[in-house]
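These notes concern the structure reproduced below.
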Amino acid sequence: MKLRDIAHSRTGDKGNISNISVIAFDAKLYPLLVSQVTSARVKALFGPIVAGTVVRYELPNISALNFVMDQALGGGVTRSLALDAHGKSLSSALLDLEIDGGFGDTDTAP
């Protein structure tokens, strides 16, 4: 299933740093986010778009993860020639991440 089946996201930026929060629709799904949406998977998903590090912060009280991605906006909002200089579409791309729901049929969300 896609990450978007169990979570939504918000983005932000500062200079050449983008952050994406992934928030579970249901707190019971938070452990699934923690186990499958890792810094390494996020870095691999974005490939050369994110030239720097990807650091994950866990926010269990609100069933969310926050990813801070350094060197992710082509030099920064005011310097980038990218169509989406703020990186808002990065959250949509992250929500396309395939995850194993652990529910038997991976096409069925809980």
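The values are calculated or read from the model by the stated rules, or taken from the named source; none is laboratory data. It should be emphasised that the depicted structure is a prediction, and the values quoted were computed from it without experimental measurement. We place every Cβ from the backbone using ideal geometry, glycine too, and count neighbours over all the protein chains shown.
Just give me the residues in segment 45-78 being closer than 20 Å to Ser89 by Cα, of a type outside the set (Val, Ile, Thr) and in contact with a Ser or Thr (Cβ under 9 Å, 6 or more places away or on another chain), in sequence order.
Arg56, Ala64, Leu65, Asn66, Phe67, Met69, Asp70, Gln71, Ala72, Leu73, Gly74
How many of the residues making up segment 74-110 are at pLDDT below 80 and of a type outside the set (Gly, Ala, Ser)?
Number satisfying all stated conditions: 14.
Could you check Lys28 against (1) outside any strand (DSSP E or B); (2) surrounded by fewer than 19 Cβ atoms within 10 Å (Cβ to Cβ); (3) at pLDDT below 95 and say which number it fails?
The number of the failed condition is (3).
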